[in-house]
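To keep things clear, I will list the structure first and then write my remarks on it.
Here, each number is a calculation from the coordinates, and none is a lab measurement. The structure presented is a predicted model; accordingly, all values stated were derived computationally and were not measured. With ideal geometry, Cβ positions are generated from the backbone for all residues, glycine too; neighbour counts draw on all protein chains shown.
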Amino acid sequence: MNISPTTLALVAALSTLAGVVISSVFNLLNTRIAKQFEERKHQRELVMNAAVEHWKQMCTVALSQRSALIWPLNDYMMTMAVWSQAILDKKLDASNIEAVLNEMDSLSNKITEHRKKQVERDRAHI
């Protein structure tokens, strides 16, 4: 079977082009996934930094008012994580703001109940 040089050149060019397109698609997908990962990482860092700063501010206020109760940092991180999830995932709008606020109130109430029980247990052991 004789294949003309033109046909061979055309097949070689098309296979090279197909290889370039396929590798470009995979590179594009890889870049997109890496970018999404970096954005999520940055958002988590912002949330944790905001929680730490809020906790520091509340500690300063509590100490200046001679308040003995300062909730642990992880409580602030949990509430900030819920807020960030609502805000950063673009789930927060006028139609569901009340539901998000109710969720936040419920979470804060559960945390407060838990911490009060913990304080009572600690005082009982003293």
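Work out the FRET efficiency for ALA62 and SER108 from their Cβ-Cβ distance, taking R0 = 25 Å, and round it to the nearest 0.05. Here the calculated transfer efficiency is 0.95. In this rough spin-label picture, where each label sits 7 Å from Cα along the Cβ direction, the LYS116-ILE33 distance is 4.9 nm. Approximating the spin labels as points 7 Å out from Cα along Cα→Cβ, the LYS91-to-GLN43 distance works out to 1.1 nm.
Only helices enter the 222 nm calculation for the chain: every DSSP H run of n ≥ 4 contributes -39,500 (n - 2.57), and dividing by all residues gives -30500 deg cm²/dmol, rounded to 500. The alpha-carbon of LYS110 sits under 14 angstrom from the alpha-carbons of these aspartates and glutamates, leaving out residues fewer than 8 places away in its chain: ASP75.
Each Lys and Arg adds +1 at its Cβ and each Asp and Glu adds -1 at its Cβ; summed about the Cα centre, the chain shows a dipole of about 320 debye. Legend: distances between Cα atoms for LYS91/LYS117; LYS41/LYS91; LYS56/LYS117; LYS56/LYS116; pairs beyond 29 Å are LYS91/LYS117. Projecting the Cα atoms of HIS42, MET80, GLN57 onto the charge dipole of the chain, computed from C-beta unit charges around the Cα centre, puts GLN57 farthest toward the positive end.
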